[in-house]
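The values are calculated or read from the model by the stated rules, or taken from the named source; none is laboratory data. Values in this document were obtained by computation on a predicted structure and should not be read as measured data. Methodologically, a virtual Cβ is constructed for each residue, glycine included, from the backbone with ideal geometry; neighbour enumeration extends over all protein chains shown. Heads up: the accessible areas ignore ligands, DNA and RNA and are worked out on the full protein's heavy atoms, side chains in. Shrake-Rupley method; radii C 1.70, N 1.55, O 1.52, S 1.80 Å.
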Amino acid sequence: NKKQAYNTLKSQLQLEDESFAYIGDDVVELPIMQQVGFSIAVANAVSQIKTHADWTTVLAGGNGGLREACDFILATQYKTEEAIALLKSLKRFFKNIIVISHIDGVKDGSDNVIEVVKNGKDSYVKSE
């Protein structure tokens, strides 16, 4: 349930809807996309999603659309270099990264969830 996962994440991070961006490709994502501060449709999204999105990527989901959206957000906030520096500094802490895809919901109590989106599906990246 993506809506439940979104609400859990919002509560855990203690953020308002306006602080979130959400990327989607199908009508099941529409309620969340209408709730967040910035909604994004990937290029291969259904027309209803593209109509309601604040922005549409050039690249398709699964073919760089999510990366394009992340780059766009970082660039508009002038944070690209900051993000690259942060990733370089974190590299020494994470020797092995495990990506667990296609999981619905946010794991409550998990201290090592550092990402919750992968190709439009709920995902977790955990340190090992």
Just wondering, is there one or more residues in the range 95-112 that are at pLDDT below 85, more than 24 Å from residue 1 (Cβ to Cβ), out of contact with any Lys or Arg (no Cβ under 8 Å at 6 or more places or on another chain) and not in a helix (DSSP H, G or I)? yes
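Scan 23, 73, 40, 32 and give me the residue that is more than 25 Å from residue 87 (Cα to Cα) and of a type in the set (Val, Ile, Thr). I'd like the intermediate steps shown before the answer.
Details: 23 fails: more than 25 Å from residue 87 (Cα to Cα); 73 fails: more than 25 Å from residue 87 (Cα to Cα); 40 fails: more than 25 Å from residue 87 (Cα to Cα).
Going through 23, 73, 40, 32 in turn, just one is more than 25 Å from residue 87 (Cα to Cα) and of a type in the set (Val, Ile, Thr): 32.
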Every pair of residues 6+ apart whose Cβ atoms lie under 9 Å, when the first sits in the range 21-35 and is without any contact (Cβ under 8 Å) to a residue 40 or more places away in the chain and farther than 10 Å from residue 46 by Cβ while the second is charged (D, E, K, R) and surrounded by 23 or more Cβ atoms within 10 Å (Cβ to Cβ): 22/29
When residues of the range 52-85 are limited to those that are modelled with pLDDT under 90 and hydroxyl-bearing (Ser, Thr, Tyr), the one least open to solvent (accessible area, probe 1.4 Å): 80
